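See below for the structure under consideration.
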Amino acid sequence: MAATILLIDDEDRLRQLLARLLSLEGYTILEASDARSGLKVLEREDVQLVISDVKLPDKNGIELTAQIKQAYPATEIIVLTAYGTIADGVTAIKNGAFDYITKGDDNDRIIPLVSRAVEKAELQFRIRQLEQQVSKRYGFDSIIGQSAAIRQAINLARKVAVTDTTVLLTGETGTGKEVFAQAIHYASPRHSGPFVAINCGALSKEILESELFGHRAGAFTGATRDQKGLFAEANKGTIFLDEIGEMPLDLQAKLLRVLETHEFLRVGDTKPTKTDVRVVAATNRNLEQEAGSGHFRLDLYYRLSVFSIELPPLRDRPDDIPALAEFFARRDAAKIGKRDVRMTPEFVQMLQQHSWKGNIRELKNVIERTVILADGPELLPDYLPFDIREGYATNTSDDLSLSALERQHIGRVLAMTSNQKAEAARLLGISLATLYRKLDEYGLKK
């Protein structure tokens, strides 16, 4: 698709001549005789390049350059003038112009100059489209749920996202803390910077320190070259510190220094490194209680919890479960080439009545398993794990007889042993033959 160029000049003959010249190069040309009409064209058209005269009837072209770049940062601008001055050229470039050339004297430059400006503009347009796609995928609109609990968390996160404040995300494991951290980043002024994440509980103290702050070559055995560290990698962006409650106390002191001074020491270095990074931390622990018992620095807790957001467990938002399950089911079906999947009403009811100790992560895994097991498009209760089906049966049954309790217990043991009947019989303290007889009696053979 040909790039679109807007010519803004009140000299009709010169504008038309330039339009003809550029159209022969394959560009789509739009024209305007003053700044006001040129801005109206920009409102309704995607323009890669503006070529504007300095002297316009209603505005100075250099001032117009600043106005256009503020409203349309991906659009490039070449400023034309009949009488060029160094001062005007410098101001035009400062205002965001791609170049500043004199009419007549630079005729040989115009085509290659336009080509380079268009190339830069198209690159900027592609970057902007990618940023929009990333923002749509990882932004707040991608968070599924309409329950009051999740909407409250989203509203709080939206408000803090546009600031540079440190954020602490709390809640049980699997409630989507990293999803919120990404949404905060992509809704912030730092969205074009990097987003880096690390699980503080998954690494040893030595490795975690090196990963966070970097090291100098020779700082320890095996350190054969310099390493930047994630705080340096995240410069101008956001670093997400998951499971912050697992961080060793001496590393907590180093993190506090970063938050207070915006600088850190690499392992083996004596000169501090500056960084401009926003910190979003997450934990499933009560850090205030951890601080009271001496397992977490109280001063770091106060510094991290400037703005705290608690994410609700899935059991507190059962109305969101059908939408979440449908999203995971469609995505998983697409991965394995299944065209359509749909959940039966009883299947949905079983999901909504389950306790979901693993929260969204557990739901995601259950749905993936179910989609794989399903022989047809319908997701049936029979495909769900035994504990979900048995829990639903218990919640919806008034049968409190000893045989009903025995049936439930045998089912739980079978689920715990992955249906290994010999092991289940051993744990139940009965013979394998007795177990098979009871499975037949209670209809648990499947």
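The values are calculated or read from the model by the stated rules, or taken from the named source; none is laboratory data. Computed from a prediction, not measured in an experiment: that's the story for all the values here. We place every Cβ from the backbone using ideal geometry, glycine too, and count neighbours over all the protein chains shown. For the accessible areas, the whole protein counts, side chains as well, though only heavy atoms, and no ligand, DNA or RNA atoms are used. Shrake-Rupley method; radii C 1.70, N 1.55, O 1.52, S 1.80 Å.
Phi angles across the range 242-257 convert, under the Karplus curve 6.51 cos²θ - 1.76 cosθ + 1.60 with θ = phi - 60°, into 3J(HN,Hα) values of 7, 6, 4, x, 8, 5, x, 4, 5, 6, 4, 5, 5, 5, 4, 4 Hz, Gly and Pro given as x.
Using a 1.4 Å probe and counting only protein heavy atoms, arrange 125, 264 so the residue with the most accessible area comes first.
On the way: 125 30, 264 5 Å².
So, going from the largest accessible area down, we get 125, 264.
What the Cα atoms of the range 241-361 give is an Rg and a Dmax of 21.2, 64 Å.
Computed FRET efficiency, Cβ-Cβ of residue 141 and residue 249, R0 56 Å: what is it to the nearest 0.05? Display every interim value, and only then the final one.
On the way: r = 39 Å, r/R0 = 0.70.
The value I calculate is 0.90.
Shown is the FRET efficiency for residue 152 and residue 430, computed with R0 = 56 Å from the Cβ-Cβ distance and rounded to the nearest 0.05: 0.65. Taking each of 177/335; 59/94; 59/120; 177/236; 40/69 in turn, the alpha-carbon distance tops 23 angstrom for 177/335; 59/120.
What the pair-distance distribution of the chain shows, using all Cα-Cα distances binned every 10 Å from zero, is 4, 15, 17, 16, 18, 15, 8, 4, 3, 1, 0 percent. Helix 12-23 axis versus longest C-alpha principal axis of the chain: approximately 50°, rounded to the nearest ten.
The convex hull defined by the C-alpha atoms of the range 309-370 has an orientation-averaged projected area of 4.5 nm².
Overall dimensions of the range 43-179, expressed as equivalent-ellipsoid semi-axes from the Cα gyration tensor (√(5λ), whole Å, largest first), are 45, 16, 12.
What accessible area per residue, rounded to a whole number of Å², is obtained for the chain using a probe radius of 1.4 Å? Before the final figure, lay out the partial values.
On the way: 23910 Å² over 446 residues.
Accessible area per residue: 54 Å².
The figure for residue 25 is an accessible area of roughly 100 square angstrom, using a 1.4 Å probe on the protein chains alone. Extension gain, residue 28-residue 387: 0.36 nm per intervening residue step, less the Cα-Cα distance, totals 122.8 nm. Fully extending the segment from residue 378 to residue 71 would add 105.5 nm, taking 0.36 nm per residue of separation and subtracting the current Cα-Cα distance.
With the highest mean first, a sort of the peptides 155-162, 209-216 on other beta-carbon atoms found within 10 angstrom per residue produces 209-216, 155-162.
Per the Debye formula on identical point scatterers at the alpha carbon atoms of the range 1-100, with no solvent, log10 I(q)/I(0) at q = 0.20 Å⁻¹ is -0.96. For residue 205, the lysines whose Cα comes closer than 16 Å to its Cα, not counting residues fewer than 8 places off in the same chain, are 254. Each label was represented as a point 7 Å from its Cα along the Cα-to-Cβ direction; for residue 260 and residue 58 these points are 5.7 nm apart. Expressed in units of 2.2 N^0.38 Å, where N is the residue count, the Cα radius of gyration of the range 147-208 is 1.26.
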